[in-house]
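One structure is given below, encoded as structure tokens.
The values are calculated or read from the model by the stated rules, or taken from the named source; none is laboratory data. Note that the structure is a prediction, hence the values are computed from the model and not measured. Neighbour counts run over all protein chains shown; Cβ positions are idealised from the backbone, glycine included. Note: accessible area is taken over every heavy atom of the protein model, side chains too, but ligands, DNA and RNA are not part of it. Shrake-Rupley method; radii C 1.70, N 1.55, O 1.52, S 1.80 Å.
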Amino acid sequence: MTKVVIVGAGVAGVNAATKLVDNGFKGKITIIDMGLDPYRRPAADVMRGFLGAGGWSDGKLTYHTSIGGQLSKYTGEEKAMELFDQVIANFKRFHPNPSEVQCSDPQEEPDFIKPHFGLRLFPVWHVGTDYLHEIGKNWYDYLVSKDVEFIWETKVTDIDFDNQLVSLGVVDEIKYDELIFGVGKSGIDFGKKLAEEYELPTEPKSVQIGVRFEAPQEHFQKLIDISYDFKLYQKFEEKGVSLRSFCTNNNAAYVASEHTYGDVSYNGHAKKDEAYRNDMTNFGILMEIRNIDKPFDWSRKAVEKLQHKGVGMFYSPSHRVPSKTSEGDYVETHVVNSIDVLYDAIGEYALHIEDFIMDLEKVFPTLGKDWGIYMPEVKYLSPEPLVNYDDLSLTRFPNVHFVGDALSARGITVSGAQGTYVAEALLKIKQEYPDFHVHESF
Ligand SMILES: Cc1cc2nc3c(=O)[nH]c(=O)nc-3n(C[C@H](O)[C@H](O)[C@H](O)COP(=O)(O)OP(=O)(O)OC[C@H]3O[C@@H](n4cnc5c(N)ncnc54)[C@H](O)[C@@H]3O)c2cc1C
């Protein structure tokens with residue numbers, strides 16, 4: 001019997017499994033994850049478990065190929081949009097109340113942000129954090145009913161690509177015919193280790209670093225009315241630097257700390273339930289810096305410099321205090337009284353972030369100094385292994401498929417779409433396997 005092993009029950013892995021079972025795959029599908037199923041997964045476990053980081057995320061499904069990482073580069077534009085549709089359809093299908101999934105689709109850049117910012121406009125489907133938990137349970141039940149095997153609380157420690165073996169700790173191993181590797185951001189160190197061990201050729205990457213900005217929502221309402229998840233951007237081509245506001249949360253907006261490599265960095269999410277309303281807005285101010293040698297090591301060092309006693313840092317020129325998480329605890333952070341720490345960590349690049357904030361103060365006149373920043377926010381772009389574009393398989397190991405954030409995604413829709421794309425390729429390509437029942441549409 002053909003064995004498909006999926007490492008990581010994240011957005012990519014779950015969409016891949018769904019595509020396979022929806023199309024009558026008769027082989028064995030095993031999904032291994034170091035987290036928990038959606039019934040037992042605690043709210044504090046932001047990155048691990050069923051639907052991975054996507055399961056406890058803000059549930060914003062972006063619907064444009066220039067957002068959320070690489071997809072159309074492999075699939076072409078038209079196919080990419082079709083894959084997005086499939087992912088969004090899955091989120092609606094397992095939603096307890098699908099009519100509540102709504103799409104915002106802003107059309108025009110407003111004049112008042114010019115000339116300081118550009119505004120990237122694209123549709124976003126809003127699922128909502130609270131519903132994601134219910135979606136997770138329905139989705140999980142469906143896959144279990146289709147005989148997908150889940151192995152929880154189990155960290156994959158090694159993969160032998162030559163002998164097609166996945167190691168679970170020291171003693172256990174599982175053999176696969178096809179492997180889907182979707183470990184997301186929480187598995188980035190593991191992906192890196194494998195890339196080094198097998199000397200996988202990779203594509204060059206940029207640094208993505210910045211801060212999580214937070215302020216009362218009223219200051220931004222004018223723009224939120226036009227674009228809920230607004231993406232302001234600035235470009236400095238000659239310096240190889242561009243900045244963008246990233247993952248904007250409103251109404252019931254919370255800052256979340258992320259633990260990666262033992263360091264703390266920040267992100268944000270929003271709750272849909274009115275009970276959580278705090279009338280705050282938060283977003284990342286993320287700077288992309290190209291042409292940095294060893295971008296991963298550079299980012300790691302910068303993040304380390306922004307740690308104090310095991311947590312990141314918070315600065316507010318008007319002495320705002322850090323806010324509380326949705327669980328009612330203060331966001332874990334160390335308050336500093338100057339932005340100089342940012343300069344110590346990333347050098348003169350910090351000037352771009354300060355300028356971005358000053359431009360925000362100009363464009364949103366009531367904002368003044370009524371803001372705070374959590375430092376750092378970072379996107380560790382994993383070294384992107386070179387893959388075959390038609391099935392995202394490693395050029396040297398054609399039955400090993402990289403998907404989601406472990407490949408080149410940075411969001412839910414792109415990750416899910418990459419998983420779906422691989423499943424489609426398996427259904428199409430592996431016709432020689434009797435276990436792959438090929439669906440009519442292929
Ligand atoms: C707080 C937060 C909010 C976000 N909000 C949004 C949003 O609103 N919209 C959006 O598009 N994106 C958002 N994202 C990003 C999005 O969640 C990810 O891009 C997406 O989940 C990536 O999917 P994936 O399948 O690649 O990985 P993940 O969904 O992260 O899943 C990876 C899985 O692999 C497992 N794993 C890792 N290593 C191992 C191992 N060695 N052994 C076994 N299991 C392993 C993990 O436990 C995890 O469950 C958010 C992320 C965070 C952290």
| query | Looking at (1) open to solvent by 30 Å² or more (accessible area, probe 1.4 Å); (2) more than 25 Å from Ser167 (Cβ to Cβ); (3) among the aliphatic types (A, V, I, L, M), which is the one condition that is false for Met34? | reply | (2)
| task | Can you give me the ranges of the strands (runs of 3 or more DSSP E) entirely in region 183-292 with at least 2 residues that are within 16 Å of the ligand (Cβ to nearest atom) and among the polar types (S, T, N, Q)? | result | 241-249, 253-260, 263-270, 280-289
| request: From Asp263, Asp273, grab the single residue that is over 20 Å from His133 (Cα atoms) and open to solvent by 10 Å² or more (accessible area, probe 1.4 Å). | output: Asp263
| said: Condition (residue is touching a Leu at 6+ places or on another chain (Cβ under 9 Å), outside any loop (DSSP other than H, G, I, E, B), open to solvent by 60 Å² or more (accessible area, probe 1.4 Å) and of a type in the set (D, E, K, R)) applied to region 370-390: is it met by at least one residue? | reply: no
| field | region 204-253: number of residues that are of a type in the set (A, V, I, L, M, F, W, C), touching a Lys or Arg at 6+ places or on another chain (Cβ under 9 Å) and within 23 Å of Leu342 (Cα to Cα) | value | 8
| request: List the number of the failed condition for Lys294; all other conditions in (1) on the phi < 0 side of the Ramachandran plot; (2) out of contact with any Lys or Arg (no Cβ under 9 Å at 6 or more places or on another chain); (3) open to solvent by 60 Å² or more (accessible area, probe 1.4 Å) hold. | output: (1)
| request: Starting from residues that are modelled with pLDDT of 95 or more and assigned to a strand (DSSP E or B), keep the ones in region 401-423 and report whichever is farthest from the ligand (Cβ to nearest atom). | output: His401
| request: Kindly indicate which of Asn278, Asn282, Asn250 is open to solvent by 40 Å² or more (accessible area, probe 1.4 Å) and either touching a Leu at 6+ places or on another chain (Cβ under 8 Å) or within 21 Å of Val46 (Cα to Cα) (or both). | output: Asn278
| field | Subset of region 328-348 that is part of a loop (DSSP other than H, G, I, E, B) and of a type in the set (S, T, N, Q) - its residue that is least open to solvent (accessible area, probe 1.4 Å) | value | Ser338
| task | Restricting attention to helices (runs of 4 or more DSSP H) lying wholly within region 1-120, give those where 2 or more residues are within 15 Å of the ligand (Cβ to nearest atom). | result | 11-22, 52-55, 77-93
| message | Taking the condition of being surrounded by fewer than 21 Cβ atoms within 10 Å (Cβ to Cβ) and either closer than 27 Å to Phe296 by Cα or near the ligand (Cβ under 9 Å from one of its atoms) (or both), how many residues in region 170-182 meet it? | response | 0
| remark: Of (1) away from the ligand (no atom under 16 Å from the Cβ); (2) modelled with pLDDT of 95 or more; (3) buried (at least 18 other Cβ atoms within 10 Å of the Cβ), Pro398 satisfies every one except (3)
| task | Please state which one of Ser206, Ser167 is surrounded by 15 or more Cβ atoms within 10 Å (Cβ to Cβ) and free of Cβ contacts under 8 Å to residues at least 12 places away in the same chain. | result | Ser167
| Is it true that Tyr74 is open to solvent by 50 Å² or more (accessible area, probe 1.4 Å) and either closer than 30 Å to Trp152 by Cβ or modelled with pLDDT of 90 or more (or both)? | no
| task | Select from region 121-157 the residues that are within 18 Å of Gly8 (Cβ to Cβ), in a strand (DSSP E or B) and open to solvent by 50 Å² or more (accessible area, probe 1.4 Å) and list them in ascending order. | result | Glu149, Thr157
| field | Inter-residue pairs, beta-carbon under 6 Å, first basic (Lys, Arg) and in region 394-418, second within 7 Å of the ligand (Cβ to nearest atom), 6+ apart | value | Arg410/Gly68
| So which of Val387, Val363 ends up being over 29 Å from Lys92 (Cα atoms), within 16 Å of the ligand (Cβ to nearest atom), of a type in the set (Val, Ile, Thr) and touching a residue at least 12 places away in the same chain (Cβ under 8 Å)? | Val387
| request: Answer with yes or no whether Gln107 is open to solvent by 30 Å² or more (accessible area, probe 1.4 Å) and farther than 26 Å from Tyr254 by Cα. | output: yes
